[in-house]
Amino acid sequence: SVLQYGPTRGFGPLLESIIGVLDARGITADLSEVMTTSGSQQGLDLIARVLIAPGDAVLVEVPTYTGAIAAFRNAQCRLVGVKQEADGINLDDLDAACLRERAAGSRVNLLYLVPNFQNPAGILLSLDKRARLLDWAERRDVLIVEDDPYGELYFEDVASVEETRPLKSDDKDGRVIYLSTFSKTLAPGFRVAWVAAPAAIVERFDM
């Protein structure tokens, strides 16, 4: 058994440990909603391959993570930039960009963002905007890809556990696909990360 391939979704005891990490972050998930990836980059690649079609518009913060740019462009989509403010993404600009793209005939079903210490801007998304983003995603029928590699890395005089609370923790409608990793907190060379999403989406990643 040591020489055989393991389950595509990952080693069972590791998945159980990840569920424990998610629980500590306020996210409730079971084994059907979690899978391991080779770094968050593979998670982004899976999202791009499964959920994006050529010509789709993907909403991203300006500036945004270069790895996400590469993954989405490999899927032949268009990246639509949304302005940021001191407390995170500009919600008025976000809504305007979404409506503008749809009016032009583009399919818009994904928003990608890094809410905790955004890469590369370092911005922390405010709690008020986190709640409003979830309402917006439900209203506009958009999935949020929440990339959270840095949520546990902060100085206590700068931020708190509550201020870094994942959007996924308050996702009641299955709108958030959550990415995180051990690369930043344990060892970069391990390249072990995970995706937490509704079971139907994880099942498509596993096909």
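The values are calculated or read from the model by the stated rules, or taken from the named source; none is laboratory data. In this text, all values refer to a predicted model and were calculated from it rather than measured experimentally. Note that we place each Cβ from the backbone using ideal geometry, even for glycine, and neighbour counts take in every protein chain shown. Note: areas computed on protein heavy atoms with side chains; ligands, DNA, RNA excluded. Shrake-Rupley method; radii C 1.70, N 1.55, O 1.52, S 1.80 Å.
In a reduced charge model with +1 at each Lys and Arg Cβ and -1 at each Asp and Glu Cβ, segment 1-86 shows a dipole moment near 320 debye about its Cα centre.
Once backbone amide H atoms are built at 1.01 Å from N, Phe117 has Leu124, Leu125 as its partners under 5 Å, excluding neighbours fewer than 5 places away on the same chain. Among residues other than Lys83 with Cβ under 14 Å from its Cβ, the summed charge is -4 (Lys and Arg +1, Asp and Glu -1).
Cβ-Cβ distance of Asp128 and Leu31, R₀ of 45 Å, FRET efficiency by 1/(1 + (r/R0)^6): the value works out to about 0.85.
Taking Met35, Met207 and ordering them by how much accessible surface each has at a 1.4 Å probe, largest first, produces Met207, Met35.
Distance between the modelled labels on Met207 and Asp141, one decimal in nanometres: 2.0 nm (7 Å Cα→Cβ projection). Using the Cβ of Asp93 as centre and a radius below 11 Å, the other residues enclosed give a net charge of -2, where K and R count +1 and D and E count -1. Given their separation in residues at 0.36 nm each and the Cα-Cα distance between them, Ala121 and Asp95 gain 7.2 nm when the chain is fully extended. Modelled label positions at Arg107 and Ala187, each set 7 Å beyond Cα in the direction of Cβ, lie 4.2 nm from each other. Taking 0.36 nm per intervening residue step and subtracting the Cα-Cα distance, what contour gain separates Val161 from Arg73 on full extension? That works out to 28.3 nm of additional length.
Taking a straight Cα-Cα cut-off under 17 Å and skipping sequence neighbours fewer than 8 places away in the same chain, the lysines within cross-link reach of Lys83 are Lys129. Measuring with a 1.4 angstrom probe and ignoring ligands and nucleic acids, Glu146 comes out at about 0 Å² accessible. The charge dipole of the chain, taken about its Cα centre with unit charges on the Cβ atoms of Lys, Arg (+1), Asp and Glu (-1) only, comes to about 760 debye.
Ranking Ala187, Asn74, Pro63 by how far each Cα lies toward the positive end of the dipole of segment 56-194 (charges on Cβ) leaves Asn74 at the top.
Given a 1.4 Å probe and the protein chains as shown, Asp173 ends up with an accessible area of around 90 Å².
All other residues whose Cβ lies under 15 angstrom from that of Ile69 are scored, Lys and Arg at +1 and Asp and Glu at -1, for a net of -2. Karplus-based coupling profile of segment 6-15, in residue order and whole Hz: x, x, 4, 6, x, 5, x, x, 5, 4, with θ = phi - 60° in 6.51 cos²θ - 1.76 cosθ + 1.60 and x standing for Gly or Pro. Accessible area ranking (1.4 Å probe, heavy atoms, ligands and nucleic acids excluded), largest first, for Ile47, Ile19: Ile19, Ile47. Close amide H pairs (under 5 Å, H built 1.01 Å from N) link Glu85 with Asn90, residues at least 5 positions away or on another chain.
Give the ranking of Ser169, Ser32 by solvent-accessible surface, highest area first, calculated with a 1.4 Å probe.
Ranked from most to least accessible, the order is Ser32, Ser169.
Couplings 3J(HN,Hα) of segment 109-120, computed from phi: 9, 9, 10, 9, 8, 10, x, 9, 6, 3, 9, x Hz, in residue order, whole Hz [Karplus 6.51 cos²θ - 1.76 cosθ + 1.60, θ = phi - 60°; x for Gly and Pro]. In the assembled protein chains, Ile123 presents an accessible area of approximately 40 Å² (probe radius 1.4 Å).
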